[in-house]
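Here is the structure we will look at.
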Amino acid sequence: MRSWFDAHEVGREEMVDTVRFWRRSLKALHEIAALGLGGGLAACLVINLASPGASPANFVAARVAFDAIAHYVLFPSLAAVLVTGLLSIAATRGFHDAGWAWVKALLGLSVFEGTLLTVGASRKQPELAAAAADPSLLASMLHSERNTLLLLIGICVANIVLAVWRPKLMIKIR
């Protein structure tokens, strides 16, 4: 016959399994969303690189594709990466004092802001159509956008390196 204590321990094991399940689920969602974010940034970069020599009609079509990728892949992936990353920090006690996790969170927020500024600015279709008529203005806009996309990809790679390497940066929060 089982005592009350034994029954209580079984409930505790189930709770530990539930917490483990949610932590692993957050990690999996974070990694899948990071793949979408990296792929979306890379696709936007490819469109940017292919745009300078295009005819005005092809340029507009490329920008529509750029906008679709941003709307359906980049922004949802970015939101999922941020939310799951911050929830993972909250759910895992070992991440509370891990400086690398907080640096990663700050870099993630900078990717969020940079993506909103870059992709949000590229949604201004009238300005882009006017820029397509002026080759020097178009080249300047595309060069600036390309540099920002490369910087965002670099920050994403830095976040991956931090997650894999996990340097011993300690921040005392408690």
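The values are calculated or read from the model by the stated rules, or taken from the named source; none is laboratory data. The model shown is predicted, which means the values in this text are computed figures rather than measured ones. Here Cβ is always computed from backbone atoms with ideal geometry, including for glycine, and neighbour counts include all displayed protein chains. Surface areas here come from the heavy atoms of the whole protein model, side chains and all, with no ligands, DNA or RNA. Shrake-Rupley method; radii C 1.70, N 1.55, O 1.52, S 1.80 Å.
Does a label point 7 Å from the Cα of SER136, set along Cα-to-beta-carbon, have any residues of region 27-59 with amide nitrogen under 19 Å, and which are they?
52-53
Which value, in Å² and to the nearest 10, is the accessible area of LEU117 when all protein chains are kept and the probe is 1.4 Å?
120 Å²
With a Förster radius of 45 Å, plug the Cβ-Cβ distance of ARG23 and ALA68 into 1/(1 + (r/R0)^6) and report the FRET value to the nearest 0.05.
Details: r = 34 Å, r/R0 = 0.75.
For ARG23 and ALA68, the calculated efficiency is 0.85.
Which of the three applies to region 16-141, rounded, prolate or oblate, going by the alpha-carbon gyration tensor with a ≥ b ≥ c and a/c under 1.5 meaning rounded?
Numbers: a/c = 3.92, a/b = 2.71, b/c = 1.44.
Because a/c hits 1.5 or more and a/b exceeds b/c, region 16-141 counts as prolate.
Simple spin-label model, 7 Å along Cα-to-Cβ: VAL16 to ALA90 in nm?
2.5 nm
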